[in-house]
Amino acid sequence: MTWFETYDVHVLRTEEDLREGPACDQLERILEEATRGARRVLLALGPGTRLSAHALGVVAHACAEATRRGGALVVSACDPSQRWLLEVTGLAGVLHLHASEQEALAALAPSAAA
């Protein structure tokens, strides 16, 4: 996973599957840090990244925390299997799912929040 800031948005890009164990633990730590304050966060799922139920729970919790703290968390998922999983679990609307990283960044732009 890589984590950086661009246009005042904290971007977390995944490069590996988010399954039980170290990958989910790292995701949880990074999202906890990223959602502190009123930050805007983008979780960009890499192509082919597979998600476990635990990872879905971590992301849903981080989204709720970001909102509670006055920030936002959105997800970009360009892979059809990721979109399908998020839609079938009902998380696509809750997680503010976007088709691309560029679309998600545009949604987080200050003018989009006004």
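The values are calculated or read from the model by the stated rules, or taken from the named source; none is laboratory data. The structure presented is a predicted model; accordingly, all values stated were derived computationally and were not measured. Neighbour counts are summed over all protein chains in view; Cβ atoms, including those assigned to glycine, are modelled from backbone coordinates with ideal geometry.
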message = Can you tell me which condition GLU20 does not meet? The list is (1) crowded, with 21+ Cβ neighbours inside 10 Å; (2) not in a helix (DSSP H, G or I), and all the others hold.
response = (1)
task = Only one of these is within 26 Å of ARG19 (Cβ to Cβ), in contact with a helix residue (DSSP H, G or I) (Cβ under 7 Å, 6 or more places away or on another chain), buried (at least 21 other Cβ atoms within 10 Å of the Cβ) and at pLDDT below 85: ALA77, ALA55, ALA92. Name it.
result = ALA77
remark   = Of (1) within 13 Å of THR14 (Cβ to Cβ); (2) buried (at least 21 other Cβ atoms within 10 Å of the Cβ); (3) small (Gly, Ala, Ser), ALA66 satisfies every one except (1)
Number of positions in region 97-114 that are surrounded by 12 or more Cβ atoms within 10 Å (Cβ to Cβ) and modelled with pLDDT under 85 = 1
message = For region 32-85: of the residues being basic (Lys, Arg) and part of a loop (DSSP other than H, G, I, E, B), which is farthest from THR6 (Cα to Cα)?
response = ARG50
